[in-house]
Amino acid sequence: MPVHYRNYTMPEPSDLLLLRDKLRAFAEARDWNQFHSPKNLSMALMVEVAELMEHFQWLTEAQTANLSAEVKPAVTEELADILLYLVRLSDKLEVDLLEAALRKLEKNAVKYPADKVRGSAKKYSPENRS
C-alpha cells in the first residue's frame, strides 16, 4: 500500500529498496558484510563526499552550475558512490531512508516556512526574524 506525504506518494517497493537489495547481494557475494559496520560505512561515505568536493574545489560558481564534459562523468560516479554508501549504511542501521528523508522534508517545511525564508540564506528562527 503506498505511503502518502503531503504532495507525494511513494510507490511500493521503492527504488531505494531495490538498490538496497542489490547492495546486500553484492556484499554477500564478496563476503564483505564483515567490513560493513556503521563506523566503516560512515567513514567511507565521508571519503566519497570529499572526493566529490575535490571536483568543485577550484571552480567558479558558474562552472559548478555547468560542469564540463570532462568533469561531469567523474562527478556522476562520485554521486553514485555516495548514494551506494548511504543506502548501505541506512540498511545496516535499519533506517528506511526514503521515509526518513520525506519526514525530514516535512519537518523542514514547518521549521523554515516559505513565506519567512524565501530568498534568504540566513538561518531562520522565529526569535531571529529579519
Single residue of Ala69, Ala62, Ala109, Ala50 found to be aliphatic (A, V, I, L, M), assigned to a loop (DSSP other than H, G, I, E, B), loosely packed, with under 12 Cβ neighbours inside 10 Å and more than 13 Å from the chain's Cα centre (by Cα)
Ala69
Can you find even one residue in the range 80-92 that is free of Cβ contacts under 8 Å to residues at least 60 places away in the same chain and touching a Pro at 6+ places or on another chain (Cβ under 7 Å)?
yes
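Okay, residues lined up against (1) of a type in the set (A, V, I, L, M); (2) farther than 30 Å from Glu106 by Cβ; (3) modelled with pLDDT of 95 or more:
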site: Pro2; (1), (2), (3): no, no, no
site: Tyr5; (1), (2), (3): no, no, no
site: Met10; (1), (2), (3): yes, no, no
site: Pro13; (1), (2), (3): no, no, no
site: Asp31; (1), (2), (3): no, yes, yes
site: Phe56; (1), (2), (3): no, no, yes
site: Ala80; (1), (2), (3): yes, no, yes
If you take the residues of the range 93-106 that are outside any helix (DSSP H, G or I) and either touching a residue at least 24 places away in the same chain (Cβ under 8 Å) or β-branched (Val, Ile, Thr) (or both), which of them is nearest to Ser42 (Cα to Cα)?
Leu93
What is the residue count in the range 72-94 for residues that are within 21 Å of Lys39 (Cβ to Cβ) and surrounded by 14 or more Cβ atoms within 10 Å (Cβ to Cβ)?
12
Kindly indicate whether any position in the range 119-128 is farther than 24 Å from Asn33 by Cβ and modelled with pLDDT of 95 or more.
no
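The values are calculated or read from the model by the stated rules, or taken from the named source; none is laboratory data. Here the structure is a predicted model, which means the values were calculated and not measured. Counting neighbours? That spans all protein chains shown, and the Cβs are built from the backbone with ideal geometry, glycine included.
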